[in-house]
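Trainee: Encoded as structure tokens, here's the structure I'll be asking about.
Please treat every number below as a calculation from the coordinates, not as lab data. It should be emphasised that the depicted structure is a prediction, and the values quoted were computed from it without experimental measurement. Neighbour counts are summed over all protein chains in view; Cβ atoms, including those assigned to glycine, are modelled from backbone coordinates with ideal geometry.
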């Protein structure tokens, strides 16, 4: 479904992503794990068109999308839940969700998506008239995911959904992510919390300084000694 | 006297509010003080003169003064809306990623260009506005006099502000504008065409300023190519008074400034009228720089 080849992204003189390859098949959950600053978020931003690409190819369902404007990429079916959630704090919950469906014209279909989304996040229905900024961190994360779902994506890019949340809330969010996946949405997930990410993903890539250094089935990476010491915080005796 | 000055002040206040909206909307989205905005107002007044001159020659103003006024306002709004969009495209968009002061300098440049274009094509002498009717209709209200033109000015200002409010609160474009003002990058990630929203903001702000220009031109009867400067500063004051970036604030700030000026002109001296705006600007910036309805600095994460 998504194929990234030799992706390069630079911020001024600094190259954040230096020739990165990855694949996401239809129906998969693929995780990108790695340390802070490894280039994971930059990769997602390059895919969704939020940042300029300096080299390489990105193909989504056969279409070259590198360098296209973000609004076009959303229309093609990629929605991005960015790091730090970035909900619109001074819009209401409902307005945040409506703006998520900005590219869609059919009111009835949007209404159906809204109902489906409230199915995953019933708390948002109760708070739909509230300003986004008044929600708790967990609710803001739900809203950020809900907003992305309103675009009716085939591929969901999730950047650090566990960031800054209490363990119980992380568990709840990941339960919902699993059920969204079961309903047929493909996902590319970026996480620093490698254990959680590998727990939910089918396959994973390990990113170091802008390159893939390791990839394989999530279960295999969970057993890999290098991953265990570097990313799961285990001490090998 | 009080009532008379209040009425005069409300008339001006509505007009200041219309111009202030352009400043505040552009600031809300780009964090740019569009110093060329006053010149758009001036340009609107000149387009109004030209349009009304033609309408008079065609006999329209005599036959239907109110419709002629509305038509002149519409022509000026469309023309200046296009100029506003062009200015944004040529003078501000190429500087989107530049230092914050750079577009400000560009705005001052645009302002000088627009003034000189009008001076060269229309002359530097005062221009007299064609009269809509030879015997203006007036009404006596509790000892004060209200002209039909004043009622039109207040009515048109109120209708436009009401429509703008609905546009921002209830439409898809309004939602896109609010989202863009809060977080342009996130807005583009959900598919909002941010550049088109910015263009729309300039078109709307410029059209409102043009309407104000035509109405003030008719009210005072004369214009010259330099009126945009003082009007710009007054409208900027109104926007700052209400809280720059805040749309209802600009409306409130405009009306308050107009009323204070009207009362000041009546009770102090007409000569000191313009000083009031500057005093208010200085006081607001010292005492409450966020303005009456302003929030803290917009979150830019």
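Trainee: Looking only at segment A:110-237, where both bridge partners belong to it, what percent of the DSSP beta bridges are antiparallel (to the nearest 5)?
Mentor: Around 55 percent of the beta bridges assigned by DSSP in segment A:110-237 are antiparallel ones.
Trainee: Report, to one decimal in Å, the Kirkwood hydrodynamic radius for chain B based on all distinct Cα pairs.
Mentor: With all distinct Cα pairs of chain B included, I get 19.5 Å.
Trainee: In what order do B:165, A:80, B:99 fall by count of nearby beta-carbon atoms within 10 Å, going from fewest to most? Each step should come with its number before you reach the end.
Mentor: On the way: B:165 14, A:80 28, B:99 9.
The fewest-first ordering by Cβ neighbours comes to B:99, B:165, A:80.
Trainee: What percent of all Cα-Cα pairs in segment A:60-197 falls into each 5 Å bin, going from 0 up to the bin containing the maximum distance?
Mentor: Cα pair-distance distribution for segment A:60-197, in percent: 2, 10, 20, 24, 22, 14, 6, 2, 0.
Trainee: Moving on to the next point. Within the protein assembly as shown, what percent of beta bridges assigned by DSSP are antiparallel, to the nearest 5? All intermediate terms of the calculation are to be shown ahead of the outcome.
Mentor: Details: 28 of 47 bridges.
If we restrict to bridges inside the protein assembly as shown, about 60 percent are antiparallel.
Trainee: Separate question: Computed over the Cα atoms of segment B:88-199, what is the ratio Rg over Rh, Rh following Kirkwood?
Mentor: 1.13
Trainee: How big is D, in µm² s⁻¹, for the protein assembly as shown by Stokes-Einstein at 25 °C and 0.890 mPa s if Rh is the Kirkwood radius over C-alpha pairs?
Mentor: Values: Rh = 26.0 Å.
D, rounded to a whole number, is 94 µm²/s.
Trainee: P(r) of segment B:144-301 in 10 Å steps, Cα pairs, percent per bin?
Mentor: With a bin width of 10 Å, the distribution comes to 9, 32, 36, 17, 5, 0.
Trainee: Using Cα pairs under 8 angstrom and six or more residues apart, how large is the relative contact order of chain B, in percent?
Mentor: Result for chain B is 38 percent.
Trainee: Nearest 5 percent is fine: what portion of the DSSP beta bridges confined to chain A is antiparallel?
Mentor: Within chain A, antiparallel bridges account for around 55 percent of the total.
Trainee: For chain B, with a Gaussian network of springs between Cα atoms less than 10 Å apart, report the residue from B:233, B:108, B:204 with the top mean-square fluctuation.
Mentor: Among B:233, B:108, B:204, the largest GNM mean-square fluctuation belongs to B:108.
Trainee: From other protein chains only, count the Cβ atoms within 10 Å of every residue's Cβ in B:190-200, then give the mean.
Mentor: Mean number of neighbouring Cβ atoms from other chains: 5.
Trainee: Hey, another quick one. Pairwise over distinct Cα atoms, reciprocal of the mean inverse distance: report the Kirkwood radius of segment B:34-119 in Å, one decimal place.
Mentor: On the way: mean 1/r = 0.0706 Å⁻¹.
About 14.2 Å, per the Kirkwood formula over Cα pairs.
Trainee: Can you tell me which of B:33-43, A:12-22, A:88-98 comes out highest on packing, and rank the rest after it, using the mean Cβ neighbours within 10 Å? List each step's numbers first, then the result.
Mentor: Values: B:33-43: 27.7, A:12-22: 15.8, A:88-98: 21.0.
Order by mean packing, descending: B:33-43, A:88-98, A:12-22.
Trainee: With the contact rule set at Cα under 8 Å and sequence spacing of 6 or more, what percent relative contact order holds for segment B:121-212? Mind showing how you got there, number by number?
Mentor: Working: 39 pairs, mean separation 11.7, N = 92.
Across segment B:121-212, relative contact order equals 13 percent.
Trainee: Sort A:106-113, B:68-75 by the packing proxy (mean of other Cβ within 10 Å over each peptide's residues), most packed first.
Mentor: Most protected by this proxy first, the peptides run B:68-75, A:106-113.
Trainee: From the convex hull of the Cα coordinates of chain A, what is the mean projected area in square nanometres?
Mentor: Its Cα hull, projected and averaged over all orientations, spans 12.9 nm².
Trainee: In addition: Go through A:145-151, A:52-58 and give me the packing order, highest mean Cβ count within 10 Å leading.
Mentor: With the highest mean Cβ count within 10 Å placed first, the list reads A:145-151, A:52-58.
Trainee: For chain B, with a Gaussian network of springs between Cα atoms less than 10 Å apart, report the residue from B:281, B:90, B:30 with the top mean-square fluctuation.
Mentor: Taking springs between Cα atoms under 10 Å, the residue moving most is B:90.
Trainee: Using a Gaussian network model of chain A whose springs link C-alpha atoms within less than 10 Å, name the residue from A:152, A:36, A:193 with the highest mean-square fluctuation.
Mentor: A:36
Trainee: At 37 °C and 0.692 mPa s, grab the translational diffusion coefficient of segment B:212-254 from Stokes-Einstein with a Kirkwood Rh over Cα pairs, rounded to a whole number in µm² per second. It would help to have the intermediate numbers written out before the result.
Mentor: On the way: Rh = 11.1 Å.
D, rounded to a whole number, is 297 µm²/s.
Trainee: Here's something else I'd like to know. Tell me the Rg and the Dmax, in Å, that the Cα atoms of segment A:115-155 produce.
Mentor: Cα radius of gyration and Dmax of segment A:115-155 are 10.1, 30 Å respectively.
Trainee: Can you give the mean number of other chain Cβ atoms that lie within 10 Å of the Cβ atoms in peptide A:73-83?
Mentor: The shielding value for this peptide is 2.
Trainee: When the Kirkwood hydrodynamic radius is evaluated over all pairs of different C-alpha atoms of segment B:1-73, what value in angstrom, to one decimal, is obtained?
Mentor: Working: mean 1/r = 0.0688 Å⁻¹.
Mean inverse Cα-Cα distance, inverted, gives 14.5 Å.
Trainee: Another question, if that's okay. For B:166-173, what's the mean count of beta carbons from other chains sitting within 10 Å of each residue's beta carbon?
Mentor: 1
Trainee: Distance from the Cα centre of segment A:1-48 to that of segment B:222-293, in angstrom?
Mentor: One Cα centre to the other: 52 Å.
Trainee: On the first, second and third principal axes, largest extent first, how far apart are the outermost C-alpha atoms of segment A:116-234 in Å?
Mentor: Taking the Cα atoms of segment A:116-234, the three principal extents are 49, 28, 24 Å.
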